[in-house]
Amino acid sequence: MTVNSAEFWDRVAPDYSKQPISDTESYARKLAATQALMRPDMQVLELGCGTGSTALEHARHVAHIDATDVSAAMIAFGREKAEDAGIDNIRFIQSGVEDFDTDGTYDMVLALNLLHLLPDRTAALAKIHRLLKPGGLFVSSTVCLAVRMWFLRPVIPVLQWIGKAPYVSFVSANNMLSEVATAGFETQEHWTHGRANSLFLIAAKVDAIG
C-alpha cells in the first residue's frame, strides 16, 4: 500500500496541527531572520505551508501572503487559524509547487521543511526562481539526512509502502547549498541545527538559470 503526498498529509493533518514546535529556539531564530528582511509592501509566497502557523507569524510584517499546500486538510486548518486570529492578508491555496504559475510575482518565497519532501528539487528550485521578482528573496529550511541519519535510508521506503511516511530524499547541507547556487541564487545567510542537520538559508535571486 503506497499513498501519494496529498493523501498522506491529509490523513496526518489533525495530529500535525496539534504538534508543538520541537525546537523553539531555532524556530524563533528563523522567524527573526526572516522578518528582519520583510517590508510592509511585500508580496510573499509560502510553499508547503502546512497548517499555516508560520504564515500567521509573518502576516503582520508584509502586505500579503499566498500560503499553499498540497493537502486540502492542512489548508482547511490554516484558514480556520487565520479566521480565529482575525488575520485577513493570507490567502490559503491548495496547490503543489508545480501547479503554481505566477512568474515574477513575489518579493519573497518561503519553502520551510519542504524541499526534502519533493521528488524533483531541481524543478522546484527552478520554479521558485521564476516566481520571484528580480532580486527577490528565497528562504528555506531543509532537513538534510544524508550525513547524520543515513541509517534511515532502508527504513523510509518500507514506511512509505505501508503508508506511514511521505517521500523523503537524503541530501546533505553542502549539496543543498550547491543546488541553490546552480538554480540562480546567491546565499546570504545559512546555518544548520538539530539532530537531522536542518539547513536554514536565505538567498537572493541574482540571475537566470542557464
Query raised in the report: If we keep just the residues of segment 170-210 that are among the β-branched types (Val, Ile, Thr) and surrounded by fewer than 14 Cβ atoms within 10 Å (Cβ to Cβ), which is nearest to Ser22 (Cα to Cα)?
Result: Thr182
Query raised in the report: Restricting attention to segment 125-153, which residues are in contact (Cβ under 8 Å) with a residue 40 or more places away in the chain, crowded, with 17+ Cβ neighbours inside 10 Å and either touching a Cys at 6+ places or on another chain (Cβ under 6 Å) or of a type in the set (Gly, Ala, Ser) (or both)?
Result: Gly136, Ser140, Ser141
Query raised in the report: In segment 2-15, which residue that is assigned to a loop (DSSP other than H, G, I, E, B) and of a type outside the set (Ser, Thr, Tyr) is surrounded by the fewest Cβ atoms within 10 Å (Cβ to Cβ)?
Result: Asn4
Query raised in the report: For Ser53, which of the numbered conditions (1) within 22 Å of Gly194 (Cα to Cα); (2) in contact (Cβ under 8 Å) with a residue 40 or more places away in the chain; (3) surrounded by fewer than 21 Cβ atoms within 10 Å (Cβ to Cβ) fails to hold?
Result: (2)
Query raised in the report: Pairs under 7 Å by beta carbon, first residue in contact (Cβ under 8 Å) with a residue 24 or more places away in the chain and surrounded by 13 or more Cβ atoms within 10 Å (Cβ to Cβ) in segment 95-123, partner in a helix (DSSP H, G or I) and of a type in the set (Ser, Thr, Tyr), six or more apart or different chains?
Result: Leu112/Thr54
Query raised in the report: Of the conditions (1) farther than 16 Å from Leu114 by Cβ; (2) β-branched (Val, Ile, Thr); (3) in contact (Cβ under 8 Å) with a residue 60 or more places away in the chain, Val62 fails just one. Which one is it?
Result: (3)
Requested in this report: Tell me the helices (runs of 4 or more DSSP H) entirely within segment 16-100 that contain at least 2 residues that are within 20 Å of Phe200 (Cβ to Cβ).
Outcome: 24-35, 53-58
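Each value in this text was obtained by applying a stated rule to the coordinates, not by laboratory testing. No experiment lies behind these values; they were computed from the predicted model shown. Don't worry about glycine lacking a Cβ; one is built from the backbone with ideal geometry, like all the others, and counts go over all protein chains shown.
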